[in-house]
1. Return a yes/no flag: does region 116-126 have any residue that is in contact with a helix residue (DSSP H, G or I) (Cβ under 9 Å, 6 or more places away or on another chain), in contact (Cβ under 8 Å) with a residue 24 or more places away in the chain and closer than 23 Å to residue 14 by Cβ.
2. I'm trying to understand the selection: among the residues of region 62-77, which are under 12 Å from the mean Cα position of the chain (by Cα) and part of a helix (DSSP H, G or I)?
3. Consider region 65-80. How many of its residues are exposed (fewer than 14 other Cβ atoms within 10 Å of the Cβ) and closer than 17 Å to residue 54 by Cβ?
4. (1) farther than 24 Å from residue 93 by Cα; (2) modelled with pLDDT of 95 or more; (3) surrounded by 14 or more Cβ atoms within 10 Å (Cβ to Cβ): which one isn't true of residue 26, the others all being true?
5. Mind counting the residues in region 102-141 that are surrounded by 11 or more Cβ atoms within 10 Å (Cβ to Cβ), at pLDDT 60 or above and not in a helix (DSSP H, G or I)?
6. Identify, please: which residue in region 90-101 is under 17 Å from the mean Cα position of the chain (by Cα) and farther than 10 Å from residue 30 by Cα and is, among those, surrounded by the fewest Cβ atoms within 10 Å (Cβ to Cβ)?
7. Within the group 9, 32, which residue is modelled with pLDDT under 95 and touching a helix residue (DSSP H, G or I) at 6+ places or on another chain (Cβ under 8 Å)?
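The values are calculated or read from the model by the stated rules, or taken from the named source; none is laboratory data. No experiment lies behind these values; they were computed from the predicted model shown. We place every Cβ from the backbone using ideal geometry, glycine too, and count neighbours over all the protein chains shown.
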């Protein structure tokens with residue numbers, strides 16, 4: 001039932017909402033990874049960090065450098081930093097590093113929520129100028 005709800009949510013979301021949903025998914029997976037770290041569950045930790053890394057890779061791969069210019073370049077570097085940081089966190093059981101990436105994702109999520117609000121109010125010049133994910137593999141990225 002939950003997967004069907006998520007599938008419907010994803011299929012009816014616009015590009016900006018999809019970006020927010022991806023951030024929420026990554027944040028949720030990192031919460032679960034932290035729980036697995038606390039219980040010394042190596043496989044679970046790796047699984048959930050891997051799911052968060054999949055989402056970050058999807059966000060990174062979908063950047064539009066022509067339209068997004070400096071924003072896309074900055075996000076590209078930030079996503080690459082997050083990927084390296086989470087990979088090291090997974091290998092070293094580094095809870096602080098997971099929390100740092102989670103904080104960054106939360107801040108990005110808040111920024112994209114504001115973009116969504118502005119888009120709904122018609123305050124954006126052109127919504128298509130914002131880098132956003134393609135619809136391929138979105139459901140697999142958001143649903144565990």
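1. Within region 116-126 (the criterion being in contact with a helix residue (DSSP H, G or I) (Cβ under 9 Å, 6 or more places away or on another chain), in contact (Cβ under 8 Å) with a residue 24 or more places away in the chain and closer than 23 Å to residue 14 by Cβ), the answer is yes, since at least one residue qualifies.
2. First, pick out the residues of region 62-77 that are under 12 Å from the mean Cα position of the chain (by Cα): 62, 75.
The answer is 75, and nothing else.
3. Qualifying residue count, region 65-80: 1.
4. The one condition residue 26 does not meet is (1).
5. Total meeting the criteria: 1.
6. Start the filter on region 90-101 by keeping residues that are under 17 Å from the mean Cα position of the chain (by Cα), which leaves 97-101.
In the following step, the residues that additionally are farther than 10 Å from residue 30 by Cα were identified as 97, 100.
On the way: 97: 18, 100: 16.
Only one residue fits best here, namely 100.
7. Working: 32 fails: modelled with pLDDT under 95.
None of the others qualify; the one that does is 9.
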